[in-house]
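One structure is given here, and the rest of the page talks about it.
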Amino acid sequence: MVPASCLSAPLGDPLPDHVHAVSVSMPKWSHVERYEQGCPDLHAALRGGYPRFVYHAYVKELNAYVHERFIADVAKAAFVLPTLDVAQRCRAFVLHSHPTVAIDVLPLPGIEAHAIVLPSDAAGSFKPFWQHSGEILSSRLAEQLLAALRATETPSLGRMDGSQVHSDLRQRIAGLYDVPAQHVSLYPSGMASIFAAFRLVQRLRGHLPGQTVLVGFPYLDTLKMLRRPEWSGGDVRFFPRGDQDDIDAIDKLEHIHAIFTEFPSNPLLRSTDLPRLAAIAHRHNTVLVVDDTVGSYNVNVLKETDSHAADLVATSLTKIFCGTGTVMGGSLVVSPESPHVAALLDALASDSFLYEGDAVALLAASEDLQPRLARINATAATIASRLQAHPMVEAIYYPKFIDTALYEHFNPQAAATDAHGPLLSLVLRGGQAAAKSFYDALTLAKGPSLGTNFTLACPYTLLAHYDELDYVESCGVPRDLLRISIGLEDVDEVWAILSSALVTASTT
C-alpha cells in the first residue's frame, strides 16, 4: 500500500512522513529556486532533506552534544562519522584545504564512531566531504549514539559489519546479481559505494600515470567527486554524451586509470555501450565501474555473453531496493568474471561498513522487491507511452524509447516484460513557463530522490544544476527537464494527475 500522505505534502514536510525520511517536500517551482538560492526562510521551513545535503535532526543534535560534552570550545567544531577510517579520510580531506590547522580525531566511548574536531573557521570543508564521499553517519546510528552517550551504561549499538544481518543482506544482493555473497560490500549510501570504487582503483593503480574517464552525463555528485582536487590530480576526462563518437575518442586515449559510467544514466536515461567500454578498460589493464542505480534489478551489467561488462557495480540501496524512502545504503559488487577479481576482492576485504540498524531496515524493506519492481515497471511503461503521445510533451527520456538495444542487451526479456525501470524524464513544449506551471499543478509528492514506492517528481536540472544551467545544457541536459520516479499507485490515478497538470501547462 502507498500511504495517502505521500501523494502531496506542504513545503518542508518529510517524504514520507517518517522520522528517517530521505526526501523533503518542495511542491512549488519557486521553492526549488529559493532553496538553490540559499534563502534562509525557505531552508528554515525544511523539516528534512536528502541526508547527504541536509543534516538530519539527530545528526545535528549528536554533533552538538559531542561538542558540548567533549570539546566545549567555541573556536572548534565537532562532526561525528561512522568509523575511524572515515574520520581519518575526512581529516586528510580537510587538511588539503587547511594544511596548517590542527585537526583531531576523537574516539567516542564504547562505540566505533569517531568525531573529527577542527577549528570552526575550517568547518566549511567538512560538508563537501560528507556530500561527495557519501560516507555519512546515518540518522538511525545518530539516534542510537545519542541514547548511548546519554546512558549511564553503554548499550549494545549493533555492528558496522560482520553480523548475521549483514550476512543476510549480502546474500540477498548477491542473489540479485548471481554472484557469491563475499563479492558484495556494503556502505552507508550509494555515493559511498561509488567513492569506495574510486578509492579502490586509486590503490590498485598506485602512482602510475593515467586518466579517469567518466562516460555519459551522470548524477551530479559523481562528477564532482571524481574531480575534487582532494582525491584526484585533475586527470578526469568527461565524455557527456556517451555515444559511439565519444567511445571512439576514448578508444584513442593513452594511460586510462579507470572508466566510470551509469546504466542507464540519471537523468537522461541513456544507455552506453558497456561491452566496448569494458574491452577498452581491460586493454588498459584497469576496470569498468558501473552505477546501475537507475537500472538496478532490471538489468544485470555483470552478465555478458561473449565476455563481460562491468568489473564493479555500485548501487544506491536507498532507491528501488528499499522503496520506502526511509533508509540509506549502498552496495558494491565485484564481478566474478573480472580479470582483476582477486585483487578487487582483496582490496575490499575490510572496506565494508553499514550500521546494523540500517541493514535491518534495508533487509525488511527489500523483502518484496520483485513484485514491487514488476508493478512499478508496468506502470512506468504505460505512463511513458502516454506521455510520449501527448501533444504537450516535446521529449521523453525512457529506456523503452532511447538506446533501447543497448539497454535490452543486459535484459533480453525487457521488451516482453516492460522492464525498463521506474524513472523517466520529460521536456514540455513552452519552455520554463510550461514546466513551472506543470510542476506547480502536480498533486504528487515533489522532492529529491527516486525509486520510492510513491511517485516522486522534481525539476531535476534546476534542483541539481542551478548554478550551471548553461553548462549542463551544452552537455545535452535541458534546463527545464522534469524527472518523475513512478511508484506503486494505480496507473490511472497517476495518469489523471499528470494529464491534469498537462492541461494546466497547456494554458500557460
Helices (runs of 4 or more DSSP H) completely within region 121-201 that count 1 or more residues being open to solvent by 10 Å² or more (accessible area, probe 1.4 Å), in contact (Cβ under 8 Å) with a residue 12 or more places away in the chain and among the acidic types (Asp, Glu): 139-150, 164-177
Failed condition for Asn300, given (1) within 24 Å of Cys475 (Cα to Cα); (2) open to solvent by 10 Å² or more (accessible area, probe 1.4 Å): (1)
Leu42 being closer than 20 Å to Gly134 by Cβ and more than 22 Å from the chain's Cα centre (by Cα): no
Residue in region 320-340 that is closer than 29 Å to Phe401 by Cα and without any contact (Cβ under 8 Å) to a residue 40 or more places away in the chain present: no
Region 279-334 - residue that is of a type in the set (S, T, N, Q) and over 21 Å from the mean Cα position of the chain (by Cα) and, of those, farthest from Ala445 (Cα to Cα): Asn285
Lone qualifier among Ala115, Ala92, Ala78 - being of a type in the set (Gly, Ala, Ser), at pLDDT 95 or above and over 25 Å from His20 (Cβ atoms): Ala92
Answer from Ala45, Ala77 - the residue that is in contact with a Phe, Trp or Tyr (Cβ under 8 Å, 6 or more places away or on another chain) and farther than 20 Å from Phe353 by Cα: Ala77
Qualifying residue in region 329-338 (condition: in the same structural domain as His183 (by the TED database), under 26 Å from His409 (Cα atoms) and open to solvent by 10 Å² or more (accessible area, probe 1.4 Å)): yes
Residue check for Phe93: in contact with a Pro (Cβ under 9 Å, 6 or more places away or on another chain) and either open to solvent by less than 60 Å² (accessible area, probe 1.4 Å) or of a type in the set (A, V, I, L, M, F, W, C) (or both): yes
First in region 214-227 and free of Cβ contacts under 8 Å to residues at least 40 places away in the same chain, second anywhere and in a helix (DSSP H, G or I), Cβ under 8 Å, 6 or more apart: Leu226/Phe198
Criterion: over 21 Å from the mean Cα position of the chain (by Cα), loosely packed, with under 15 Cβ neighbours inside 10 Å, at pLDDT 95 or above and assigned by the TED database to the domain that holds Ser499 - qualifying residue of Pro412, Pro391: Pro391
1 or more residues under 30 Å from Leu348 (Cα atoms): qualifying helices (runs of 4 or more DSSP H) within region 1-108: 57-66, 84-97
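The values are calculated or read from the model by the stated rules, or taken from the named source; none is laboratory data. Fair warning: this is a prediction, and the values are worked out from it, not measured in the lab. Backbone-built Cβ (ideal geometry, glycine too); neighbour counts: all protein chains shown. Heavy atoms of the whole protein, side chains included, go into the accessibility calculation; ligands, DNA and RNA do not. Shrake-Rupley method; radii C 1.70, N 1.55, O 1.52, S 1.80 Å.
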